[in-house]
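The values are calculated or read from the model by the stated rules, or taken from the named source; none is laboratory data. In this text, all values refer to a predicted model and were calculated from it rather than measured experimentally. FYI the Cβ positions are ideal-geometry reconstructions off the backbone, even for glycines, and counts take in every protein chain you see. Heads up: the accessible areas ignore ligands, DNA and RNA and are worked out on the full protein's heavy atoms, side chains in. Shrake-Rupley method; radii C 1.70, N 1.55, O 1.52, S 1.80 Å.
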Amino acid sequence: MTAVRRHLPLIAVVLAAFSLLLAYLNKARCAGPVFSEFGRSENFDLYKNQLVCYSDIQLLWLGRDIDRHVFPFIEGGITPDGRLFGGTVEYPVLSGVLMWLGAIPSSNDAEFLFYSALLLTPFALLTAWMLAKLGGHRVLLFVATPPLIMYGFHNWELPVVFTAVAAIYVVTTAQTWSIRTRGIVAAVLLGIGLCLKLYPGIFVLPLALYVLTEGKKERGHFDFRGAFSVAGAAVATVAAINAPFAIAGFEGWRASFEFQSLRRADITTNSIWYWGLLPRMEDETVYDAWVELLSPALILTSFAVAVAVGWWTYHRHGTYPWVGVSAAMLCGFLLFHKVHSPQFALWLIPFFILLRVPWQLIGAYLLADIAIGIGVFRYFYDLGAGIDPTGGSELVTQVGVWGRAAGLVIFYALFLRASYVPDENDTITRDTSPVNAYTKTHSP
């Protein structure tokens, strides 16, 4: 058993590589070899929903000037009807650069899928290695469950998951560094993550509070300089990465934000708003107005409650549980945001590994995720084919939507009181780690 544990990171990397191979083969069913004059696979339009092999990677080969190898954002913009052009994509700048890199050697969407998969794979393998070091056998939740196979190459999620996990890894393992130094390095990683997809940015606040309260053991002694340094490092990282794009092509850079602000909570977003609120509204304009009001308000409220509960925990146990608070904030974001794409499951799984929550609930959540991941595309296929989806694909989709929503509510509460797995395993940190003051009092 000791030998298995010693080699677990390598085993995790191998299993992740195998899952990623399956992930690629699954998406490649929608690729080539017959292509249009624009490099679009005929199989993509024929089978993307029917065979559930759709990917945003293949889709966005066309429509964002990726096929023309235009460097992102610099010459782009958005039309009055909300269409992006000139290399602007609807993601933060580093994701746009990754898309451009994957397109350089590509002449059609099949090659774009292949080279993008090669580009994304190292991020998943490194994430698997870190999660194995932190979470032991629980890493199987990342490397050997359906989400990595279903969504590994669905979009450009793997780099941002890597940055979030790397930030936690640095804080947990770099014990020879001061808490302030670890916090600053982690904040830089989270800032990079925000420039890939936005969600790691929400973890900066709990990280700053962790550094603020962990500077000295005695309650009432706070490291304000450390906390501000963490926040400043994240802001400086985001500014440094975005500034060249904003200066070289402000309209193209700004257009990506405008595109997301204009996006409706419609049939493509898989959110509770579309399936829960819209059927109760007669006027879609009123529906849009309510979503624009309620979604950010409830997200911010969920953030505030999580941060406050973390502060209460600090006063009881002497350490601010920044990982648990971050996980809860992510649940609030996923639950109330107007877009909840299936691949967002990859954002959440690391917290299933790092925080001790019941396996049964994790299994139920993954089943709901499978339901939405398969059901929604079969639902789109049924609608396009003129097949009545009621009682079939629509029912499966709704099971996924509401199953995920219920799971997020439960996990929100559980994450705020969950113990931190690395400390319980005692494989990375030592009893002198400031995290242990919290986690050992919460061990089951």
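At an R0 of 45 angstrom, the distance between the Cβ atoms of Arg83 and Ala144 translates into a FRET efficiency of 0.65. Potential lengthening of the chain between Thr301 and Leu118 amounts to 61.9 nm, from the contour at 0.36 nm per residue minus the alpha-carbon distance. If you take all other residues with their beta carbon under 11 Å from the beta carbon of Phe380, and give Lys and Arg +1 and Asp and Glu -1, the sum is 0.
Here Lys197 is the anchor, and the aspartates and glutamates within straight C-alpha reach of less than 20 Å, apart from those fewer than 8 places off in the same chain, are Asp56, Glu90, Glu157, Glu251, Glu258. Ranked by the mean number of other Cβ atoms within 10 Å per residue, highest first, peptides 189-198, 413-422 order as 189-198, 413-422.
Taking the longest Cα principal axis of the chain as reference, the axis of helix 158-173 is set at about 0 degrees.
Compared with the dominant Cα axis of the chain, that is its longest principal axis, helix 93-103 is turned about 50°.
Within region 156-184, which residues have the backbone N less than 13 Å from the label spot 7 Å out from Arg225 along Cα→beta-carbon, could you tell me? Only 180-181 pass the distance filter.
The mean of 1/r over all distinct Cα pairs in region 203-293, once inverted, gives the Kirkwood hydrodynamic radius of 17.1 Å. Gly96: net charge of surrounding residues, Cβ under 10 Å, Lys/Arg +1, Asp/Glu -1, itself excluded? Net local charge, Gly96 excluded: 0. Under 5 Å from the amide H of Leu355 lie the amide H atoms of Val421, each residue being 5 or more positions distant or on a separate chain, with H modelled from the backbone and absent for Pro and chain starts. GNM remark for the chain: springs join alpha carbons under 10 Å apart, and the peak mean-square fluctuation among Ser36, Ser107, Ser295 falls on Ser36. Please give the calculated 222 nm ellipticity per residue for the chain, where each DSSP H segment of at least 4 residues contributes -39500 (n - 2.57) and the sum is spread over every residue; nearest 500 deg cm²/dmol? Only helices count here, giving -20500 deg cm²/dmol.
Could you pull out the longest piece of the chain with no exposed loop GluC sites (Glu not before Pro) in it, calling a site exposed if DSSP puts it outside H, G, I, E, B and it has at most 16 other Cβ atoms within 10 Å? Longest stretch, sites excluded: 283-444. Calculated on C-alpha atoms, the gyration radius of the chain divided by its Kirkwood radius gives an Rg/Rh of 0.96.
Which Cys residues of the chain have no other Cys Cβ less than 4.7 Å away and so no disulfide-compatible partner by this rule? Cys with no partner Cβ under 4.7 Å: Cys195, Cys331.
Local charge for Leu330 was computed over the other residues whose Cβ lies under 15 Å away, with Lys and Arg +1 and Asp and Glu -1, and equals 0. Accessible surface calculations at 1.4 Å, restricted to protein heavy atoms, place region 312-382 at 27 Å² per residue. Note that region 398-414 has calculated 3J(HN,Hα) couplings of 5, 4, x, 4, 7, x, 4, 4, 4, x, 5, 4, 5, 5, 3, 6, 5 Hz, one per residue in order, obtained from phi through the Karplus relation 6.51 cos²θ - 1.76 cosθ + 1.60 (θ = phi - 60°); glycine and proline are x. Per-residue 3J(HN,Hα) values for region 40-53, derived from phi via the Karplus relation 6.51 cos²θ - 1.76 cosθ + 1.60 with θ = phi - 60°, read 8, 5, 5, 4, 4, 5, 6, 10, 4, 9, 4, 9, 6, 10 Hz in sequence order (x marks Gly and Pro). Between Val235 and Glu292, the modelled label-to-label distance comes to 2.8 nm, taking each label 7 Å out from Cα in the direction of the beta carbon. In region 281-437, carbon and sulfur make up what percent of the accessible area (probe 1.4 Å)? Taking all protein chains in place, region 281-437 shows 66 percent carbon and sulfur surface.
I'd like the chymotrypsin sites (Phe, Trp or Tyr not before Pro) in region 1-98 restricted to DSSP loop residues with at most 12 other Cβ atoms within 10 Å, sorted by number. Taking region 1-98 and a limit of 12 other Cβ atoms within 10 Å, the loop chymotrypsin sites (Phe, Trp or Tyr not before Pro) found are Phe38.
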